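Some notes on the structure that comes next.
The values are calculated or read from the model by the stated rules, or taken from the named source; none is laboratory data. The model shown is predicted, which means the values in this text are computed figures rather than measured ones. All Cβ positions, glycine included, derive from the backbone under ideal geometry; neighbour counts span all protein chains shown. Note: areas computed on protein heavy atoms with side chains; ligands, DNA, RNA excluded. Shrake-Rupley method; radii C 1.70, N 1.55, O 1.52, S 1.80 Å.
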Amino acid sequence: MTTFCRRCDNDEDFAKVSLFALANKRELHLSFGTLDMVSLLCAYMTQGHLLYIADADNRVIGILAYYHGTPEEEFKNKEIAFADIAICDKAYRGTRLFLKGLHYMVEQIIEAHPEVRELRFIALSENTYLCKLYSKFSNASYTRDGELGEETVYCVKIHHLRTTLNSFYKV
């Protein structure tokens, strides 16, 4: 299957990503509503960065989002990139697409924000699938109270993660 990754950089991209996010909002959490997703999308469009994965027909099949800095520190800690959204269409979900999206995001962060040294991921602590997945390439650092319950924050040195991901893409 042919897929490609892109950064949202125009209104058409933002519209496609927004429609996908709204249609798949329950993938973040069953209680996640339309207003929750609209609020999150607005925050990423104004303060963060939205990336997407599309198929050969240019249909969005996954989205990723990150902040340069953390919202808690009002984005002043520029040595950190903070990712808390990753949604993939169930029909395409799998290791290969996950690695492709993660690799693309890491490369985009390093290129656009060379001062970033650490990448942080967040997962609801009750989401054992995500916690297990994130622990394969990062370390659980701390927990915090989130709007939907306890969240675990995972941290990894971005250049270490890049090296690991590049080993999957050797020519």
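Structure notes:
- Every residue from the range 139-159 that is crowded, with 17+ Cβ neighbours inside 10 Å and touching a residue at least 40 places away in the same chain (Cβ under 8 Å): ILE158
- Note on the range 33-66: among residues that are open to solvent by less than 20 Å² (accessible area, probe 1.4 Å) and among the hydroxyl-bearing types (Ser, Thr, Tyr), the one that is nearest to LYS90 (Cα to Cα) is TYR52.
- Test result for GLU115, acidic (Asp, Glu), part of a helix (DSSP H, G or I), open to solvent by 50 Å² or more (accessible area, probe 1.4 Å) and out of contact with any Leu (no Cβ under 7 Å at 6 or more places or on another chain): no
- Odd one out for LYS136 among (1) loosely packed, with under 11 Cβ neighbours inside 10 Å; (2) touching a residue at least 60 places away in the same chain (Cβ under 8 Å): (2)
- Search result, residues across the range 72-110 that are surrounded by 17 or more Cβ atoms within 10 Å (Cβ to Cβ) and charged (D, E, K, R): ASP84, ASP89, LYS100
- Residues of the range 12-32 classified as open to solvent by less than 30 Å² (accessible area, probe 1.4 Å), within 15 Å of LEU64 (Cα to Cα) and of a type in the set (A, V, I, L, M, F, W, C), total: 3
- Qualifying positions in the range 1-55 - part of a helix (DSSP H, G or I) and among the hydroxyl-bearing types (Ser, Thr, Tyr): SER18, THR34, SER39, TYR44, THR46
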